[in-house]
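Bear in mind that the values in this text are calculations on the coordinates, not laboratory data. The shown structure was predicted, so the numbers you read here are calculated from the model rather than taken from an experiment. Backbone-built Cβ (ideal geometry, glycine too); neighbour counts: all protein chains shown.
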Amino acid sequence: MAVAFALFLSLLCSLQLAYRTYAAALTTAIGANERLCFYADVDKAGEKIGFYFAVQSGGSFDIDFEVKDPNDKSLLDGQRERQGDYVLTANTVGEYSFCFENDMSTLTEKLIDFDIMVESEPRREPPAKPGQLADQTSALEESMYRLNTMLLSIKRTQKYFHTRENRGFDTVKSTQNRMFWNAVFESLAVIGMAVFQVYVLQTFFTKTGRRYKV
């Protein structure tokens, strides 16, 4: 009975954490000379904001970014960054902006994978009844926090390999296109040279002398 009640308490704790955390994982394309902004609302001062982004394809895999608070104050900014993973503390209630800018490219479109997470950190309250049940509940909570930390680490590792895979695929695709057009140009050059040589040989063996009447 005690174990079942402890599991019930851990389930409530998990639901509370899930309720207090919301995130938006998106993938978007940003054209050349384009600025694109996304927004996240913070309902309570002191909440944590997680911001992750990675350029998946396009150009040199870099982008400019800027994060501003509701008072239009710049909290984070960077130029020609390939990826970033930041955690901020929201001291002001309101709407935070996350902007990407692709001014350095005149023709290339960038594909960006990013994640915006707003999370509050609820304080762990001591159990109402001390004893063995409290010890079991505390142990379960500690296990849950350790599992959460390990899952976050696995998630970041997956994002890293996902980004490396996309960049590698984009590089291979670009190399294949260059090799294809290089082969086409070489073939046209060989054909043109052959036609030119045939034409030159024909002019060498063609009689072009004039005829005169006596």
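Observations, loosely collected:
- Taking the square roots of five times each eigenvalue of the Cα gyration tensor of region 25-120, the equivalent ellipsoid has semi-axes of 25, 12, 10 Å, listed largest first.
- Label-to-label distance for residue 148 and residue 76 is 2.0 nm, based on points extended 7 Å past Cα in the beta-carbon direction.
- Residues residue 37 and residue 109, FRET efficiency given R0 of 22 Å [Cβ-Cβ distance, rounded to 0.05]: 0.80
- Since only 176, 194, 145 are under comparison, the one whose Cα sits farthest along the positive direction of the charge dipole of region 141-213, derived from C-beta charges on Lys, Arg, Asp and Glu, is 194.
- Here the average projected area of the convex hull drawn through the C-alpha atoms of region 141-213 stands at 5.9 nm².
- Of 44/110; 68/110; 73/173; 68/173, pairs whose Cα-Cα distance is over 30 Å: 44/110; 73/173; 68/173
- Pairwise FRET efficiency - residue 157 versus residue 44, Cβ, R0 = 41 Å, nearest 0.05: 0.85
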